[in-house]
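K.L.:
Below you'll find the structure I mean.
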Amino acid sequence: MTGALKPVVGVLHPGSMGAAIAAQAADAGATVLWCSAGRSEASRARARAAGLTEVRTLGELVERSGVVLSICPPAHAEDVAEAVASLRFAGIFVECNAISPVRVTRIAARLGLNGTAKAVIDGAVVGSPPRGSKTARLYLAGPMRAVRIIEGLFAGTGVHVKALSADHYGQASALKLSYSAYQKASRALAAVAYGLAEAHGVGDELLDIAAGRGGSYLSEVDYIPKIAARAWRWGPEMLEVADALRAKGLPAEQALAAAEVMARWEADKDQSLAVGEALEHLRKGGAEQRSGGAADEMKRTTG
């Protein structure tokens with residue numbers, strides 16, 4: 001497909017990820033615009049390196065673009081969408097940020113149902129900025145005709161597009177946040193765990209233990225019922241972890257949060273559950289399912 005057959009793309013804004021994704025579209029023959037108004041010299045340098053075409057105002061970008069990719073810090077996602085909506089954008093808006101399904105639905109309503117956009121797509125980027133040998137996945141949920149256009153933009157590039165539901169805004173964002181909930185939190189938890197071991201002079205021993213356990217817990221779905229069955233004793237253990245962390249000046253909030261999760265399974269002590277049952281109890285557990293002893297332990301640790 002030649003560049004002439006591809007819609008003009010506007011990217012908001014060329015940060016590390018945004019510039020890398022935009023560069024993939026540009027390399028595949030699309031004209032990719034970026035708005036320089038109010039942007040830093042670092043943004044200018046990334047845009048130049050990515051082969052993007054500068055426009056001076058957001059109005060010009062919106063007017064010329066058939067597709068707008070919103071790739072910005074999550075906190076600014078709705079502001080970016082509102083700015084585009086206020087200019088009566090009439091193309092395809094792809095919301096690519098790590099935001100909640102509720103916020104995606106609001107954006108879709110503002111731009112699509114209550115606006116002028118042809119289509120709004122819920123998107124989620126998973127992976128490193130695609131450059132060199134690195135690739136990224138772009139999950140899309142929304143009208144299939146619009147999704148196919150985005151697939152065409154990135155055909156043969158380092159951005160691998162995967163279509164999800166045509167009917168449910170929020171699926172892509174839910175997928176992204178589901179992954180982030182594990183990936184980002186586990187990285188932080190690993191740092192805290194190593195900090196505790198290192199503070200007691202056993203950091204190397206902890207790494208030796210970890211080296212013998214390959215793979216990711218995230219893929220071990222069948223283990224979830226075992227967690228539920230053992231939560232009655234794992235929860236108090238996490239409270240002890242919190243005490244140990246505090247004693248060394250390390251943050252205890254993650255351990256307390258883990259104990260809070262375990263408390264939802266306390267009624268499942270030593271039970272044999274199916275995965276679905278364990279997840280249902282996790283969703284419907286909470287304060288009413290905790291024993292008084294667990295609640296008292298939580299108060300003791302947080303008090």
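K.L.:
Modelled label-to-label distance, ALA190 and GLU54, 7 Å Cα→beta-carbon offset: nm?
P.N.:
4.0
K.L.:
Rounded to whole Hz and in sequence order, give me ³J(HN,Hα) for region 259-268 from the Karplus expression 6.51 cos²θ - 1.76 cosθ + 1.60, θ = phi - 60°, writing x for Gly and Pro.
P.N.:
5, 4, 5, 4, 4, 5, 9, 4, 6, 9
K.L.:
Once Lys and Arg get +1 and Asp and Glu get -1 on their Cβ, which of TRP234, ALA255, LEU245 lies farthest toward the positive end of the dipole of region 224-266?
P.N.:
The one lying farthest along the dipole's positive direction is TRP234.
K.L.:
A follow-up question, please. Once both labels are modelled 7 Å past Cα along the beta-carbon direction, what's the ARG145-TYR179 spacing in nm?
P.N.:
Each label point lies 7 Å from its Cα, and together they span 2.9 nm.
K.L.:
A further question on this structure: If you average 1/r over all unlike Cα pairs in region 10-117 and invert the result, what Kirkwood radius do you get in angstrom?
P.N.:
On the way: mean 1/r = 0.0728 Å⁻¹.
About 13.7 Å for region 10-117.
K.L.:
Going 7 Å from the Cα of ASP167 toward and past its Cβ, which residues in region 130-156 have a backbone nitrogen under 14 Å from where you end up?
P.N.:
142-144
K.L.:
What residue among VAL104, VAL275, VAL32 has the largest mean-square fluctuation in a Gaussian network model of the chain, using Cα springs under 10 Å?
P.N.:
With Cα springs under 10 Å in the chain, the top fluctuation among VAL104, VAL275, VAL32 is at VAL275.
K.L.:
Taking the structure as given and computing semi-axes √(5λ) of the Cα gyration tensor in Å, which label from (1) 48, 24, 15; (2) 32, 21, 19; (3) 44, 22, 18 fits?
P.N.:
It is the value labelled (3).
K.L.:
May I ask for the angle, rounded to the nearest 10°, between helix 41-50 and the longest principal axis of the chain, with both axes built from Cα atoms and the value confined to 0 to 90°?
P.N.:
70
K.L.:
Could you work out how far helix 16-27 tilts from the main Cα principal axis of the chain, as a 0 to 90 degree angle to the nearest 10?
P.N.:
40
K.L.:
Now, a different point. At R0 = 41 Å, how high is the FRET efficiency between GLU63 and THR135 if r is their beta carbon distance? Nearest 0.05 is fine.
P.N.:
On the way: r = 32 Å, r/R0 = 0.78.
Approximately 0.80, to the nearest 0.05.
K.L.:
Same structure, new question: Under a Cβ-only charge scheme (Lys and Arg +1, Asp and Glu -1), can you give me the dipole magnitude of the chain about the Cα centre, in debye to the nearest 20?
P.N.:
1080
K.L.:
If I model a spin label at ASP27 and SER40 as a point 7 Å from the Cα along the Cα→Cβ vector, what separation in nanometres do I get?
P.N.:
Here the answer is 2.5 nm between the modelled labels.
K.L.:
Sticking with this structure for a sec: From largest to smallest, what semi-axes in whole angstrom does region 136-210 give when each is the square root of 5 times an eigenvalue of its alpha carbon gyration tensor?
P.N.:
Working: eigenvalues 335, 40, 9 Å².
Over the Cα atoms of region 136-210, the semi-axes work out to 41, 14, 7 Å.
K.L.:
Right, next: Hey, what's region 88-214 come to in accessible area per residue, 1.4 Å probe, Å²?
P.N.:
Value for region 88-214: 53 Å² per residue.
K.L.:
Can you give the % of DSSP beta bridges in the chain that are antiparallel, to the nearest 5?
P.N.:
20
K.L.:
Which angle from 0 to 90°, rounded to the nearest 10, does the C-alpha axis of helix 275-284 make with the longest principal axis of the chain?
P.N.:
90
K.L.:
Suppose R0 equals 30 Å. What FRET efficiency, 1/(1 + (r/R0)^6) with r the Cβ-Cβ distance, do SER16 and ASP243 give to the nearest 0.05?
P.N.:
With a Förster radius of 30 Å, E is 0.15.
The values are calculated or read from the model by the stated rules, or taken from the named source; none is laboratory data. This is a predicted model, so every value here is computed, not measured. Methodologically, a virtual Cβ is constructed for each residue, glycine included, from the backbone with ideal geometry; neighbour enumeration extends over all protein chains shown. The protein model used for the area step is the full one, side chains on, heavy atoms only, and it has no ligands, DNA or RNA in it. Shrake-Rupley method; radii C 1.70, N 1.55, O 1.52, S 1.80 Å.
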